[in-house]
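Right, one structure below, let's go through it.
The values are calculated or read from the model by the stated rules, or taken from the named source; none is laboratory data. Because the structure is a prediction, the values reported are computed rather than measured. Glycine also receives a Cβ, built like all others from the backbone with ideal geometry; neighbour counts cover every protein chain displayed. Protein only, heavy atoms only, side chains kept; ligands, DNA and RNA dropped before computing areas. Shrake-Rupley method; radii C 1.70, N 1.55, O 1.52, S 1.80 Å.
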Amino acid sequence: RYSIRQALKNNLMVRTEKRLDFFWKLLNATAVRDEFKTHSKKHYEMILNSESVHQLTAYHGDIPVATAVFVVFGNTLTYLFAASDYDWHKLSAPYRLQLEALRLAEKLGCQYYDMFGIAPPLKSNGEEYQYDSGHHYAKITLFKVVFGGEIKSTSGTHDLILNKTRFYFYLLARALRR
């Protein structure tokens with residue numbers, strides 16, 4: 001709540017727009033900072049071209065400082081990915097984007113907002129959500145769990161293999177990148 005209140009005080013303007021250029025630039029900066037690999041630019045371009053996908057971008061003046069991408073399916077708005085410029089981290093723009101995502105979900109008539117993907121839980125005593133701080137989703141998990149909400153475990157995402165040969169090479173390339 002504190003970070004959302006801070007973000008509201010910082011005069012950030014949030015626009016709903018599909019801007020691959022802003023997303024790609026901020027995503028690469030985030031990937032370097034948080035040490036993860038991205039998909040190709042074409043991958044994100046294809047996602048943003050979908051009618052069910054929405055992108056929110058937070059601006060400080062006319063400078064894009066954070067952006068996030070969401071997809072609507074049925075009665076759920078799902079948070080797919082986001083990126084931000086660390087030079088502007090004191091503005092709390094990612095928190096403002098989450099607030100605007102909730103407003104977008106309401107505007108679209110969604111009943112649920114899915115933050116999609118956190119580190120798996122450790123054995124817990126039922127109190128606070130506990131997870132492995134060394135897990136590769138640890139940073140994003142920390143960001144997501146502070147919003148509260150209900151944590152649900154599902155079967156996850158699955159690949160529909162249409163071409164076994166291409167899928168094999170995809171898995172090989174993915175293993176080599178890691």
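Per-structure values
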{"quantity": "Overall form of the stretch 1-87 per C-alpha gyration tensor (a/c, 1.5; a/b vs b/c)", "calculated": "oblate"}
{"quantity": "Surface per residue (accessible, 1.4 Å probe) for the chain, Å²", "calculated": "70"}
{"quantity": "Solvent-accessible area, 1.4 Å probe, carbon plus sulfur percent, for the stretch 1-142", "calculated": "52"}
{"quantity": "Largest-first ellipsoid semi-axes for the stretch 57-151, taking √(5λ) over the Cα gyration tensor eigenvalues, angstrom", "calculated": "24, 19, 10"}
{"quantity": "Lysine pairs within the chain, Cα separation less than 16 Å, 8 or more sequence positions apart or different chains", "calculated": "9"}
{"quantity": "Among 35-44, 151-160, 108-117, 58-67, the order from most to least packed when residues are scored by Cβ within 10 Å on average", "calculated": "58-67, 108-117, 35-44, 151-160"}
{"quantity": "The chain - mean residue ellipticity at 222 nm from DSSP helices (-39,500 (n - 2.57) per run, n ≥ 4, rounded to 500)", "calculated": "-11500 deg cm²/dmol"}
{"quantity": "Ranked packing of 69-80, 10-21, most packed first, by mean Cβ within 10 Å", "calculated": "69-80, 10-21"}
